[in-house]
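To keep things clear, I will list the structure first and then write my remarks on it.
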Amino acid sequence: MASTSTPATVLLKREKVAHRVHEYAHDPRSSSFGAEAVEELGTHLGVSPEQIFKTLVVSLSDGKLAVAVIPVPATLSLKAAAGALGGGKAVMADHTAAERATGYVVGGISPLGQRKRLRTVIDVSAEQWDRVLCSAGRRGLEIELDPHDLIRLTGAVLAPITAGP
């Protein structure tokens, strides 16, 4: 396996934030990155799928990019995310633009340690857990940390941003 050092893990170490890094073998044929993380980590760590969060990059109507962090099984409400970020409307960002802004590849975008810190909203459900998992900045690499540390380090707002059933 490759090194577990990424801008996200470097940030956590520099800020002295308690965390654990979990690595699993990413299947390069897989494009369902969140489902892969749930399958690999849910079984091995005994965590709920709702405790594993995915990082989505959106483009707001003002042309700026922003980040929405939601549980893997959930679907993002673009309207709710835009409202929480004060951006009018939101659409999913172009992959190339997301990679350029964050410094990470799609499927491995971390809400932490991005090249350019983007406005971030985290789904309010994160607060119900004592630990959450999110991408560490590489496919097959996840960080486990206190959700309050994630909120603080990203400067995120909390809001209900998932779509209803």
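The values are calculated or read from the model by the stated rules, or taken from the named source; none is laboratory data. Computed from a predicted structure; not experimentally measured. Counting neighbours? That spans all protein chains shown, and the Cβs are built from the backbone with ideal geometry, glycine included. Remember, those area values only see protein heavy atoms, side chains included, never the ligands or the DNA or RNA. Shrake-Rupley method; radii C 1.70, N 1.55, O 1.52, S 1.80 Å.
Miscellaneous remarks
- The loop-placed trypsin sites (Lys or Arg not before Pro) in segment 110-159, going by DSSP, that have at most 12 neighbouring Cβ atoms within 10 Å of their Cβ come out as Arg115, Lys116.
- Calculated mean residue ellipticity, 222 nm, the chain: -7500 deg cm²/dmol, from DSSP H runs (n ≥ 4) at -39500 (n - 2.57) each, averaged per residue and rounded to 500.
- Residue-normalised accessible area of the chain, given per residue in Å² at a 1.4 Å probe: 49 Å²
- Rounded percent of accessible protein surface that carbon and sulfur make up, the chain, 1.4 Å probe: 53 percent
- For the chain: Kirkwood Rh in Å [reciprocal of mean 1/r, alpha carbons]: 15.6 Å
- Entry note, segment 66-165: relative contact order of 34 percent, from Cα contacts under 8 Å with a spacing of 6+ residues.
- Above-threshold pairs, the threshold being 27 Å between Cα atoms, out of Lys13/Lys54; Lys13/Lys89; Lys13/Lys64; Lys16/Lys54: Lys13/Lys89; Lys13/Lys64
- Here the 3J(HN,Hα) profile of segment 92-103, calculated from phi with Karplus coefficients 6.51, -1.76 and 1.60 at θ = phi - 60°, is 5, 6, 4, 4, 5, 5, 5, 5, 5, 6, 8, x Hz, Gly and Pro shown as x.
- Cut-off under 5 Å, modelled amide H: who pairs with Val67 long-range: Val58, Arg119, Thr120, Val121
- Taking every alpha-carbon pair in segment 108-165 and binning the separations at 5 Å intervals from zero gives 4, 19, 27, 27, 18, 6, 1 percent.
- Using θ = phi - 60° and Karplus 6.51 cos²θ - 1.76 cosθ + 1.60, couplings along segment 45-53 (whole Hz; Gly, Pro as x): 9, x, 9, 6, x, 6, 8, 9, 10
- Considering only Phe53, Ile70, Gly103, and ranking their Cα positions along the charge dipole of the chain that arises from unit charges at the beta-carbon of Lys, Arg, Asp and Glu, the one farthest toward the positive end is Gly103.
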